[in-house]
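Since the structure comes first, as structure tokens, the remarks are kept for the end.
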Amino acid sequence: MNLIFPLKDFDIGNIDNTFFFSENISENYENDIDQLFQSFLNLNKNKEIVTFTLPLNLSNNFMEFSGLIFAHHVRLSRELKFCNAPIIFYGVLELEQILRLTSLARILLTDNVLYVNMVKYSFQDIQRAIKKYRLKPFDLNRFIDQIQLIPPSNYNSHHGIDNEFALIQWSNYIGCFDRLPQQFRKEFVSNLYFKYLKAKNSIFAFGEYNPIKISSSENTRILLVDDEAYKGWKSFYESFFHNSNVEFEDSGIDFKNKDKDELIKMIESKVREFKPHIILLDIRLHDSDFEQNILPECLTGIELLEKIKTINSGIQILITTASNKAWNYNLAKQKGAYDFIIKDGFENPEYSLKRLVFSIEIAAKRAIFLKNVRKRINLIIKLINENPQFDYNEKDGLVSQIENNNILRNKFLSDLNSAFALLDISCEDPNKLKYYSYCYLQLFICIEEFVNLESVFEIVGDQSFVIHSLKRICVSKRSDDTVEQAIKFNKNNNGKYIIEKCSKKFIRLDTNFLVSSILIFKYGNENSSENNWTKVYKQRNEIVHEGSMPNENQIFDLLDFIRYFFNAKNENSDNLDKGLIPISDEEKLQLLKQKINTSENGKSIF
């Protein structure tokens, strides 16, 4: 069958109806021209079409060159059996003129394409030429090199062609293209530029439905925040994570016509509700993000990144974008993004998706650990803000109480956030695992600072007291060079302090003694092993003296102990009367007299 497309108001003369089969694609070219041509090709895909004869333009808009566009569709629809058929164009301009008017005219210079100037020839001449024509072998790569198609400026997408082409390539690669929304699948299939890009990248192999397995020891919750999730990214990721240990959701938000602040609040609410480990975050989510000269820090994705990190800084953010601008990448990393996933359809999909899998697996491992750490730290911060024992510290008497409260709490907050930052660094770089040890010691400082609060432990002269809300309990008192203590360290009992009065030569009151005294007399425990304190203190010594490296569980043990230790609600009165009898005023006077007498006899009292 030799198809001929007559141009309206163009006299094609007396054509041979036994040779040519006349065809009209449409009376209305106002609709999407790509979908119009695709529908025509689909309807005729089973016909034995030998040649196409058509004008340079099928519509009344001369500068549209829709005939040339149709010819590109024929050549680039490689699934059609007539895609290599000879195409004969007719018109009234010289070939050189047409080439100057549009880059689409380059197809006129490719194999098995002819242009006939109807000023010089007739349709009978075209018929004779077709009968004599010898089809040349078609080389797709040569054809791609010869033509020139540019991205359409009116493409209906915030993110342009590159974003959608990545979706096409990635979906085709894992075999889930047919699972994308029908409306947009139809648009992707018919769009001429997509066909062109697909042909340029035809070296990539596409297979049957084969979702990629995400390896994770625990369930991983992943949230997609993308204003074009509805176009197919949601469907892609649903297939991508299928049969993996992943709970996947998208934001469920209609991004159109939303105020920017309203949009950010809605996404924040979704993050708090879903509690994701990983967020796949597009960097441009609002109409304002596409304004010219917008500063990177004003992009909705960047602002949202900062908000999410205040919810839980352990959440791992993967920025997903078709943009590869370095300043966006650097700023996102500064704000706490873990990685940048470039949606690039021109790159081998296998490479792109393997990189995506690797990034998600590492991010999942980081998030499961760091989210738990951050959650524990946030609970500790809440206790610090609520615990009245942090309201004052008379050792800093030169500072007003209100200022002192802020300084003290901020010091603890700084220590906790510094510890988290050290863990974040160690999780990102395997060569920096030593930061686990730095983190452990930084957290341990919080314990040392807590026992130094005079609202918790007080040293008055030769006596030491644990401060209970009901009573001050004496736990240590000194007489000459002898120290009496209310608790005894028992090496044979797994290194715990137990309630037993003992005397020993003077030694300094170390952190273990101070903490153990508080655990026993303030919190009413039988010994000092509560909440793994013995293990925590032992691990600290092993880090300092032996250079050992704590593991994740030991970090959790330390944080859980701090949370218990800082909680005023854990106070218990069971052991209030098991401390030492404090030195009376009369005994203090006698001790002073003894020291004076010792000094008069020429002996040092120190």
Q | Criterion: under 15 Å from the mean Cα position of the chain (by Cα), closer than 30 Å to C176 by Cα and not assigned by TED's automatic domain parsing to the domain that holds I377 - qualifying residue of I319, I308, I302 | A | I319
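To keep it simple, each residue is scored yes or no on (1) buried (at least 19 other Cβ atoms within 10 Å of the Cβ); (2) among the hydroxyl-bearing types (S, T, Y); (3) assigned to a strand (DSSP E or B); (4) without any contact (Cβ under 8 Å) to a residue 60 or more places away in the chain.
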| position | (1), (2), (3), (4) |
| --- | --- |
| L280 | yes, no, yes, no |
| S288 | no, yes, no, yes |
| I294 | no, no, no, yes |
| E297 | no, no, no, yes |
| I302 | yes, no, no, yes |
| K307 | no, no, no, yes |
| G314 | yes, no, no, no |
| I317 | yes, no, yes, yes |
| N330 | no, no, no, yes |
Q: Residue by residue through region 346-364, note down the ones that are in a helix (DSSP H, G or I) and either charged (D, E, K, R) or over 23 Å from L223 (Cβ atoms) (or both).
A: P349, E350, Y351, K354, R355, E361
Q | Test: residue in region 56-78 that is closer than 24 Å to Q38 by Cβ, in contact with a strand residue (DSSP E or B) (Cβ under 7 Å, 6 or more places away or on another chain) and surrounded by fewer than 18 Cβ atoms within 10 Å (Cβ to Cβ) | A | no
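Scan region 92-113 and give yes if some residue there is in a strand (DSSP E or B) and either more than 19 Å from H73 (Cα to Cα) or in contact with a Ser or Thr (Cβ under 7 Å, 6 or more places away or on another chain) (or both), otherwise no.
Within region 92-113, not a single residue is in a strand (DSSP E or B) and either more than 19 Å from H73 (Cα to Cα) or in contact with a Ser or Thr (Cβ under 7 Å, 6 or more places away or on another chain) (or both).
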**Q.** Members of region 480-498 that are loosely packed, with under 15 Cβ neighbours inside 10 Å and either farther than 25 Å from N541 by Cα or outside the structural domain of S573 (by TED's automatic domain parsing) (or both)
**A.** D480, D481, T482
Q | Subset of region 246-265 [surrounded by fewer than 17 Cβ atoms within 10 Å (Cβ to Cβ) and under 23 Å from K375 (Cβ atoms)] | A | E247, E249, K265
Q: Would you confirm whether any residue within region 249-268 is in contact with an Asp or Glu (Cβ under 6 Å, 6 or more places away or on another chain), in the same structural domain as P181 (by TED's automatic domain parsing) and aliphatic (A, V, I, L, M)?
A: no
Q | Enumeration of residues in region 519-531 that are at pLDDT below 95 and either of a type in the set (V, I, T) or farther than 30 Å from Q463 by Cβ (or both) | A | none
Q) Are any of the residues in region 115-128 in contact (Cβ under 8 Å) with a residue 60 or more places away in the chain and not polar (S, T, N, Q)? A) yes
Q: Might you check whether a residue that is more than 47 Å from the chain's Cα centre (by Cα), in a strand (DSSP E or B) and at pLDDT 90 or above occurs anywhere in region 68-88?
A: yes
Q. Picking from S516, S476, which residue would you name as being of a type outside the set (K, R), assigned to a helix (DSSP H, G or I), crowded, with 20+ Cβ neighbours inside 10 Å and at pLDDT 90 or above?
A. S516
Q: Sort out which residues of region 498-513 are under 46 Å from the mean Cα position of the chain (by Cα) and not in a loop (DSSP other than H, G, I, E, B), and write them in order of number.
A: T511, N512, F513
Q: Please find, within region 129-142, the residue that is farthest from L54 (Cα to Cα) out of those that are over 48 Å from the mean Cα position of the chain (by Cα) and surrounded by 13 or more Cβ atoms within 10 Å (Cβ to Cβ).
A: Y133
Q: Take L379 and decide whether it is touching a residue at least 24 places away in the same chain (Cβ under 8 Å), in a helix (DSSP H, G or I) and closer than 19 Å to L280 by Cβ.
A: no
Q.
Could you go through region 175-184 and let me know if any residue there is outside the structural domain of T300 (by TED's automatic domain parsing) and either modelled with pLDDT under 90 or surrounded by fewer than 13 Cβ atoms within 10 Å (Cβ to Cβ) (or both).
A. no
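Being within 35 Å of the chain's Cα centre (by Cα), within 30 Å of A322 (Cα to Cα) and at pLDDT 90 or above, is that true of even one residue in region 406-415?
no
The values are calculated or read from the model by the stated rules, or taken from the named source; none is laboratory data. Predicted model only: the values in this text are computed from it and were never measured. Cβ coordinates were reconstructed from backbone atoms using ideal geometry, including for glycine residues, and neighbour counts include every protein chain displayed.
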